[in-house]
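One structure is given here, and the rest of the page talks about it.
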Amino acid sequence: MEPGIADLQELEGKELREKDCRAHVLRLDRLHPVVSGNKWFKLKYYLQAAEASGKSGLLTFGGAWSNHIVAAAYAAKERGLHTAGIIRGEKPPILSGTLQMAATYGMRLLFVSREQYSAKEKDPMIRDIIRSYPQYDMIPEGGAGPLGVKGCAEILSLAEAGIYTHILCAVGTGTMFNGLLSAVASHTRLIGIPVLKGMKDDRIIDGSLPDHKKRQAVFYHDYHFGGYARQTPALLRFMNDFYTRTGIPTDFVYTGKLVFAFEDLLEKDHFPRGSRILLIHSGGLQGNTSLAAGSLVF
Ligand SMILES: *Cc1c(COP(=O)(O)O)cnc(C)c1O
């Protein structure tokens, strides 16, 4: 599995025309049916490291609808590596679609309480679990960490990134954002849309990046729609409308909020005339299966 089939799609519309701006979407959602979006890039060097050190598997963390969990299960299986996932929350009577899929790819699911999960660095039971998998490499939640950043720095090689004045992406842990920031051309502004409430700019940006890089970054914090994995009828209506206009499906946790933010900023004249804008569609569509049936038209 190698990227290369991700494609660019140009957006059209009255606002873009009137403001003399051009915008493209980098469709990482089309990279692969399971390991979609940025998770392929975040996992790449973790998989390589596990193989290089002769480990037999990967141990990682996530919630019941985690894009990372299902991507890790699939990508590891493809490489002949085993997986175990420490899952936030007690085992439910019926597994989420995401966890069922991860189990299909051979991931052993280990449920821990929410309290244990939020203290995972020091919880004794989680420490015992980790100790019982000495042959497994550990990947931080969401594929965060330096190897995740390194992989995400390669995302822009799929586009002619140097032509853009602005690049926009959703921000969860900020791993993808920091990878993009390390790779982006010096004349490009990198706009992050945090999907969590109350994230602090200086906690997102990797402190080891040079100051001139940090100055290329900007965040807009008003597009989280209530917080992580929260949504409103207005967001779902917008996602349906955006799909009808463009044929591009988005997810309600990350990319729906990203595209909403883009259109709002465009309308509010945030982008100077002549701007060339790239939106990173980071995938995650499988998460929409947690919504009530019929919420989305795609
Ligand atoms: C995980 C994920 C993100 C967030 O990436 P971070 O590196 O954690 O900021 C964005 N979009 C989608 C679709 C994701 O699955």
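The values are calculated or read from the model by the stated rules, or taken from the named source; none is laboratory data. Keep in mind that what you see is a predicted model, and the values were worked out from it rather than measured. With ideal geometry, Cβ positions are generated from the backbone for all residues, glycine too; neighbour counts draw on all protein chains shown. Note: areas computed on protein heavy atoms with side chains; ligands, DNA, RNA excluded. Shrake-Rupley method; radii C 1.70, N 1.55, O 1.52, S 1.80 Å.
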Between VAL171 and residues 5 or more places away or on another chain, which pairs have amide H atoms under 5 Å apart, with H built 1.01 Å from N, and which residues are they? ILE193, VAL195
Among PRO33, THR246, ALA234 the positive-end extreme of the charge dipole of the chain (Cβ point charges): PRO33
Name the residues whose placed amide hydrogens come within less than 5 Å of the amide hydrogen of SER275, ignoring near sequence neighbours (fewer than 5 apart) on the same chain. ARG22
J(HN,Hα) series, the stretch 106-115, from Karplus relation 6.51 cos²θ - 1.76 cosθ + 1.60, nearest Hz, glycine and proline x: x, 6, 7, 9, 10, 8, 10, 5, 4, 5
Expected unfolding gain across SER113-ARG127 under the 0.36 nm per residue rule, minus the alpha-carbon gap, is 3.6 nm
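Going from most exposed to least, what order do ARG215, ARG27, ARG230 have by accessible area with a 1.4 Å probe?
ARG215, ARG230, ARG27
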May I ask which residue of HIS224, ILE204, ILE277 lies farthest towards the positive end of the charge dipole of the stretch 193-298, with charges of +1 (Lys, Arg) and -1 (Asp, Glu) on Cβ and the Cα centre as origin? ILE204
Heavy atoms of LYS200: accessible area, 1.4 Å probe, square angstrom to 10: 120
Dipole magnitude of the chain, debye to nearest 20 (Cβ charges: Lys/Arg +1, Asp/Glu -1, about Cα centre): 420
Whole-Hz Karplus ³J(HN,Hα) for the stretch 197-211, in order, using 6.51 cos²θ - 1.76 cosθ + 1.60 and θ = phi - 60°, x for Gly and Pro? 7, x, 6, 9, 3, 6, 8, 7, 6, 5, x, 7, 6, x, 4
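Between LYS214 and LEU95, what's the calculated FRET efficiency when r is the beta-carbon distance and R0 is 35 Å? Round to 0.05.
Working: r = 42 Å, r/R0 = 1.19.
For LYS214 and LEU95, the calculated efficiency is 0.25.
Given contacts defined as C-alpha pairs under 8 Å and at least six residues apart, what's the relative contact order of the chain, whole-number percent? The partial results should precede the final answer.
Numbers: 562 pairs, mean separation 67.2, N = 298.
Dividing the mean separation by the residue count of the chain yields 23 percent.
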With an 8 Å Cα cut-off and a minimum separation of 6 or more residues, compute the relative contact order for the stretch 151-298 in percent. 27
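Using the Cα centre of the stretch 209-298 as the reference point, and only Cβ charges (+1 on K/R, -1 on D/E), how large is the resulting charge dipole? Debye, rounded to the nearest 20.
Working: 10 positive and 8 negative charges, 50 e Å.
With only Lys, Arg, Asp and Glu charged at Cβ, the dipole is about 240 debye.
What's the magnitude of the charge dipole for the stretch 80-220 around its Cα centre, counting Lys and Arg as +1 and Asp and Glu as -1 at the beta-carbon? Answer in Debye, nearest 20. Display every interim value, and only then the final one.
Numbers: 16 positive and 13 negative charges, 44 e Å.
The dipole magnitude comes to about 220 debye.
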GLN231: net charge of surrounding residues, Cβ under 11 Å, Lys/Arg +1, Asp/Glu -1, itself excluded? +2
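Using the alpha carbon gyration tensor of the stretch 1-87, what are the three equivalent-ellipsoid semi-axes (square root of 5 times each eigenvalue), largest first, in whole Å? Could the numbers behind the result be given before it?
Details: eigenvalues 241, 39, 18 Å².
Output for the stretch 1-87: semi-axes of 35, 14, 9 Å.
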With the charge dipole of the chain built from beta-carbon charges (+1 for Lys and Arg, -1 for Asp and Glu) about the Cα centre, the Cα from GLN100, PHE177, THR165 projecting farthest to the positive end belongs to GLN100
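If contacts are Cα pairs under 8 angstrom and at least 6 residues apart, what is the relative contact order of the stretch 229-285 in percent?
Working: 37 pairs, mean separation 21.6, N = 57.
This gives 38 percent for the stretch 229-285.
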Can you work out the Karplus-derived ³J(HN,Hα) for every residue in the stretch 14-27? Use 6.51 cos²θ - 1.76 cosθ + 1.60 with θ = phi - 60°, whole Hz, and x for glycine or proline. 4, 4, 4, 4, 5, 9, 6, 10, 10, 9, 10, 10, 7, 7
Inter-part distance where the stretch 122-168 and the stretch 175-215 are each reduced to a Cα centre, Å: 15
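At 222 nm, what value in deg cm²/dmol follows for the chain if DSSP H runs of at least 4 each add -39500 (n - 2.57) and the sum is divided by all its residues, to the nearest 500? Working shown, then result.
On the way: 12 runs with 104 residues, N = 298.
Using -39500 (n - 2.57) per qualifying helix, the result is -9500 deg cm²/dmol.
Any idea how many Lys pairs in the stretch 189-289 come in under 19 angstrom at the alpha carbon, given 8 or more places apart or on separate chains? Provide the component values of the computation, followed by the final result.
Details: LYS197/LYS257; LYS200/LYS213; LYS200/LYS214; LYS200/LYS257; LYS257/LYS268.
Value for the stretch 189-289: 5.
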Cross-link reach list, aspartates and glutamates versus LYS91, counting only Cα pairs under 16 Å and skipping chain neighbours closer than eight places: GLU115
Evaluate the Debye formula for the chain with equal point scatterers sitting on the alpha carbons, no solvent, and hand back log10 of I(q)/I(0) at q = 0.09, 0.10, 0.14 Å⁻¹, in q order, two decimals. -0.43, -0.54, -1.06
Pairwise centroid distance, computed over Cα atoms, of the stretch 221-298 with the stretch 77-94, Å: 28
